[in-house]
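Read through the structure below, which is laid out as C-alpha cells, and then see the notes.
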C-alpha cells in the first residue's frame, strides 16, 4: 500500500498507507471528542446545584477542585497512553478511550457528594487522557506534509462544530426532559446517559481507523523508553515551544468549559432561571465562542500552510492574549455587549491549539510521535491543573473576570517566546546564506 500514490480526501493529500475511510473515521472522532470533553465540565454547575445543593459562593472552588483531580490523573497517565499507542497502535487506544468516557458519563450524574463526584471525575480524566493523546497524534499521522495545515483546519472545524452541537444543542436536554415531566435530578441523569450513548457509538466507529503500528517497524519498545523520547525531543527549540504552548492552550480550553460555564450559569440563575434553564444559557454562551472557532479554524489552518509555522504560532497566541483579556474586562458575560469579546476568545482559543498541533506535527517523526504528543498533553495537563487551582480561588475571591486576565497574560508570554524564536531562526538563515 505504501508504494502506491497517496490517496486524497477532497483537497487534502493523505500520508502513504492512509486510506480515505481511515481519515473519515478520524474526522468523526474530531467531531465528537471535544464536545465530549466540554459537555461534562459545562454541566458541572447543574450537578453541583441539583445533586449536591452547593451554595453559589462555594461553586468556584468546587469546580476548580474537580478539574484539578481530573488533571492529576491525566498527568499520571497521558504520556503512557501516547507511548502505548506507539507500541500497540492508535486504534485500540482510541476505542478504549471512548468506552471509558461513556462510563464516566454514566457514573457522574449518580453522585450525591463531592468524594463520589471526584471519583467519577477520575474515570472521566483517564478517558480524556487517552482521547486527547490520540486526537493530536492521529492528526499528525494522517496528512501528507503539504496538507498538514489543511487537515488540521478541517479537524478543528469539526472540533468546534461538535462543541457547538454538544454545548448549544445537548445542554438543552435537561430542560426538554424536565418539560416532559422528569424531575431536575432525573432530567440531568437522562441528559448524561444520552451523551454516554454517543460515546459508545464513537467507540464502534473507531474500529475503522488504520490498523497496526504507526511506523514501518514492528519493534515493541518499553513504554518508559518511549515516554523518555518525548523529553529528548525537547532539545529541538520548536518542540520545546510547542510544549510551552500546550501548557497554556489546554488551560485556555479549560477556562472556557470551567469558569465561563460557571459565570454564565450563576448569572442566569441570578436572573431567576431554573438550573435546567441555566444549563441552556451556559450552552448558548459557550456556543458563541465555539461557533466562532468553528468558522475560524479552517482559515487559520490554511494560513499554517502559507506562512512560517513559528510566525503562525506567535499570531495564534497573540490572538489569545487579546481575546482572554477582553473577556476579563466584561462586567456581565451573558449580556449582548459581551459577544464580540466572546468571539475573539473563540478565535484565540482554537488558534493556539491548532498552531501547536501543526508545529509539533512538522517537527516530529512518526516513530515517536505518540510519545511527543503525549508529553505535550502532559504539559497541557499541568496548565489545566494550575488554572483550576489558582483560577478557582481567583474566581471566588476576586471575581469571575480574574482567571481570564491571568490566562491572557500567560498567552502573551508564549507569544513573545514565539516571536523571539522566529526572529532568531531568520537571523540564522540569513547568516548561513551569507
Using 0.36 nm times the number of residues separating residue 271 and residue 331, minus their current alpha carbon distance, what extension gain do you get? 20.1 nm
Counting only Cα atoms, I'd like the Rg/Rh figure for the chain, Kirkwood definition for Rh. 0.96
Pairwise label distance in nanometres, residue 413 with residue 145, each label 7 Å out on the Cα-Cβ vector: 3.3 nm
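Once fully extended, how much extra length lies between residue 307 and residue 194, figured as 0.36 nm per residue of separation less the alpha-carbon to alpha-carbon distance? List each step's numbers first, then the result.
Numbers: separation 113, 0.36 × 113 = 40.68 nm, distance 4.26 nm.
Once the chain is fully extended between residue 307 and residue 194, it gains 36.4 nm.
For residue 228 and residue 299, calculate 0.36 nm times their separation in residues minus their Cα-Cα distance, and state this gained length in nm to one decimal. Spell out each step's value before the answer.
Numbers: separation 71, 0.36 × 71 = 25.56 nm, distance 3.51 nm.
Contour length minus the Cα-Cα distance gives 22.1 nm.
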Cα→Cβ-extended label distance, 7 Å offset, between residue 420 and residue 389, nm: 2.5 nm
Give the order of 210, 281 when sorted by the count of other beta carbons within 10 angstrom, beginning with the fewest. 281, 210
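If I take R0 = 30 Å and measure r between the Cβ atoms of residue 201 and residue 5 in this structure, what FRET efficiency does the formula 1/(1 + (r/R0)^6) give, to the nearest 0.05?
Working: r = 33 Å, r/R0 = 1.10.
Rounded to the nearest 0.05, the efficiency is 0.35.
Evaluated at 4 °C with a viscosity of 1.567 mPa s, what Stokes-Einstein diffusion coefficient in µm²/s does the range 251-381 have when Rh comes from the Kirkwood expression over alpha-carbon pairs? Write out the running numbers ahead of the final one.
Numbers: Rh = 15.9 Å.
Rounded to a whole number, D works out at 82 µm²/s.
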Pairwise centroid distance, computed over Cα atoms, of the range 15-58 with the range 184-210, Å: 10 Å
Would you calculate, for the chain, the mean residue ellipticity at 222 nm contributed by helices, counting each DSSP H stretch of 4 or more residues as -39,500 (n - 2.57) and dividing by all residues, to the nearest 500? -26500 deg cm²/dmol
Once both labels are modelled 7 Å past Cα along the beta-carbon direction, what's the residue 58-residue 236 spacing in nm? 4.9 nm
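Which order do 63, 56, 431 fall in if you start with the one that has the fewest other Cβ atoms within 10 Å? Numbers along the way, then the final one.
Working: 63 25, 56 15, 431 8.
If I rank by nearby Cβ atoms, fewest first, I get 431, 56, 63.
What value in Å³ per residue do you get for the convex hull of the alpha-carbon atoms in the range 8-76?
132 Å³
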Can you put 11, 313, 37, 177 in order, fewest other beta carbons within 10 Å first? 11, 177, 37, 313
Modelled FRET efficiency - R0 25 Å, residue 185 with residue 118, Cβ distances, 0.05 increments: 0.80
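With only alpha-carbon pairs counted, each pair once and no self-pairs, how large is the Kirkwood hydrodynamic radius of the range 127-194 in angstroms? Display every interim value, and only then the final one.
On the way: mean 1/r = 0.0697 Å⁻¹.
Result for the range 127-194, one decimal place: 14.4 Å.
Bear in mind that the values in this text are calculations on the coordinates, not laboratory data. This one's a predicted model, so the numbers in the text were calculated from it and none came from an experiment. Reconstructed Cβ throughout: ideal geometry from the backbone, glycine too, with neighbour counts over all protein chains shown.
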